[in-house]
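Each remark here refers to the structure printed beneath this line.
No value in this document is a laboratory result; all are computed from the given coordinates. Bear in mind that the values here come from a model prediction, so they are computed numbers and not experimental data. Because the Cβ atoms are built from the backbone with ideal geometry, glycine has one as well, and the counts that use them run over all protein chains shown.
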Amino acid sequence: MTHSSSAAALRDADTSRKLGVVIVGHVDHGKSTLIGRLLYDTGSFMEGKYEELKAVCERRGVPFEWSFLLDAFQAERDQAITIDTTQIWFKTRKRNCMIIDAPGHREFLKNMISGAAFADAAILVVDAKEGVREQTRRHAYLLHLLGLKQIVVVVNKMDAADYTEARFNEVSGEITAYLAGIGLAPRQIIPIAARHGENIAQGSPNMPWYKGPILIDMLDTMEPVLPAPERPLRFPVQDVYRFDETRIIAGRIESGSLRTGDKLLFSPSGRSAHVVSIEKWSVPAAPMEAQAGESIGITLDQPIFVARGDVASHAEKAPVLANRFRVSLFWLGKKPLQAGKVYKMKLSTYEAAVTVESIERVISTEDLSSADKPEVAINEMAEVTFRSREIIALDAHGDNPLMGRAVLVENHDVVGGGIISGEGLEDLRVTLTQSQANLFAVDHLLPRESRAVRNGHHGAVIWLTGLSGAGKSTLAMRVEHALFNRGFQTYVLDGDNVRRGLNNDLGFSPEDRAENIRRVGEVAALMADAGLVCITAFISPYCADRLKARAAAGDDFHEIYVKADVATCEGRDPKGLYKKARAGEIHEFTGISAPYEAPDAPELVVDTQAHNIDACVEMVLEYIEDATARRDQKKRAVQA
């Protein structure tokens, strides 16, 4: 078949099924050349692109190279290497393909991993003359870690090996043996000469001894990894949106399906609610069912606390709850991974601080041997046991590949990734259920109303939030003093009295700051239950953390936004913190180098820019007296 007739046939094909293919291999083994030739032979070039590339080469006085198509940046052409993943669409006879060219050299393995994460299948390129190299083995092992099973090996540059069958068999045997050692078997091993387009979209007259399928036909035998509606439901929460009084929980269903009326269990919290509606965008009517692969929103019949990272499932097939688990990982960090170090781990939409409990073994990609080492260096593979402070909802990769992948982050940079092993994975859900079965609620002999009668007011959590310097602490202390003089039982929780005792084990990392607010919220809720008006003065910059505090206190929670812009707060700077933050002495300082999420619908806004402190105190006092329903104490005592 000629180039033009082949291209015409491909253009007329049914291409409704899409296949994502990552191309990997050692640097200079011909990946980019293969892609360029594949695009040309399938008629997938943009109009005039081929002529433009030839003209560029003629002006530069260099031979035409197919790889120039993918070298999108001038710097790449100068260095003659590809430094980023490139995604380009082309058509086979059966479907559209998205082909991902991943860098082969060590410095850019991170891009290769990010590209392969979106692939359904892989093409592993091996140079016929050089054979299997270190990077070949490393990339093959990465494909194994990412769970890719549909792999085609192409032995490229057969023209440089005189098209000999003996050399092809030698390289084939070497790569087959290595792949078998990591539990992989190639679908096909194809001899090609990418520069000349041999055995790619057309057969090769120079290799009559090869009787197998050519590359483009082999791609048509592979199937896209379809969404998995037959697996248990996994609906990681991406975000929670509020429209008037409606809360929409948004995310993408990774596996399984759900219907309106289904009872969903949210992990790790263990809260349950029924689906009232399924929300989709740009559809004429709300659907009754949604399944894997769909991005949707849902509404629930109860206002339970749900946050980003929670995983919705059906109760009978829920994810594992764990705070200790093993990961088979590939390390990319410049600093070695070491036992005792803390990293941020991302599992779908969830993020958690994890500590390296132990390094079980470090694996050599060269010969798959393992060794006991105290650390994992850059580009090494290892099996590592992690422990998290919090309980995490997760799946072993073998049970659910989409939910069993983990990424490690340090200082906002991806430093590793891998898959969660089922080995030794203990489900704490069973343990927690058994423990909770032995807990019994004890009724207080003093009901809340009796405390309110004695105190003359109901308990409440008055949560002051705002930037540093907005006036929270000043306002809290003044309000406490005024409430005390009016006969209220009241107390202020702030950073000083909490950090000295209850939370003296916490630092100032994002994870520790979140835990600080969580504990404060729980303590404040208990104080409100005891009948006190508990005033808190914390920046508490994230809505999710404040929502947890609200969930702990329920109807007793009252959020007051102490409003002042950054310029005003920095002008006040009562503790000199803004000055230190501007000088780089304080990292992750709210309002300067870290965000502040203002409340969407606080119970009260107190603008300390527009009002003086006395007016602000009166505003808060008036709100608290109304919110706690203060009545004549003697009258209530008589009625009781």
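Just report the Cα centroid separation between the stretch 570-585 and the stretch 117-146, whole Å. Answer, in whole Å: 51.
Backbone phi angles across the stretch 125-132, fed through the Karplus curve with coefficients 6.51, -1.76 and 1.60 (θ = phi - 60°), yield HN-Hα couplings of 9, 10, 6, 4, 7, 7, x, 6 Hz in residue order; Gly and Pro are listed as x.
Under a Cβ-only charge scheme (Lys and Arg +1, Asp and Glu -1), can you give me the dipole magnitude of the stretch 343-404 about the Cα centre, in debye to the nearest 20?
Dipole about the Cα centre, nearest 20: 300 debye.
Label point of Tyr491 set 7 angstrom out along Cα-Cβ; within the stretch 531-551, amide nitrogens under 12 Å from it belong to 531-535.
Put simply, the amide H of Phe538, placed in the peptide plane, has neighbours under 5 Å in Leu464, leaving out anything fewer than 5 places away on its chain.
What does the extension gain come out to for Val409 and Ala377, with contour length at 0.36 nm per residue minus their alpha carbon separation?
10.0 nm
For Thr92, neighbours were defined as the other residues whose beta-carbon sits under 9 Å from its Cβ, and their charges (Lys and Arg +1, Asp and Glu -1) total +2. The stretch between Glu174 and Ser282, if pulled fully straight at 0.36 nm per residue, gains 33.6 nm over its current Cα-Cα span.
Full extension of the chain between Asp600 and Leu506 yields a length gain of 31.0 nm, computed as 0.36 nm times the residue separation minus the alpha carbon distance. Exposure proxy for Met207, Met403: other Cβ atoms within 10 Å of each Cβ, ordered fewest to most, give Met207, Met403.
3J(HN,Hα) along the stretch 459-470: x, 7, 9, 9, 9, 8, 10, x, 5, 4, x, 6 Hz, from the Karplus curve 6.51 cos²θ - 1.76 cosθ + 1.60 with θ = phi - 60°, whole Hz, x for Gly and Pro. Summing charges over all other residues whose Cβ lies under 12 Å from the Cβ of Ala537, with Lys and Arg as +1 and Asp and Glu as -1, gives -1. Positive end of the charge dipole of the stretch 324-424 (Lys, Arg +1 and Asp, Glu -1 on Cβ, about the Cα centre): tell me which of Phe386, His397, Gly422 has its Cα farthest that way. Positive-most Cα among the choices belongs to Phe386.
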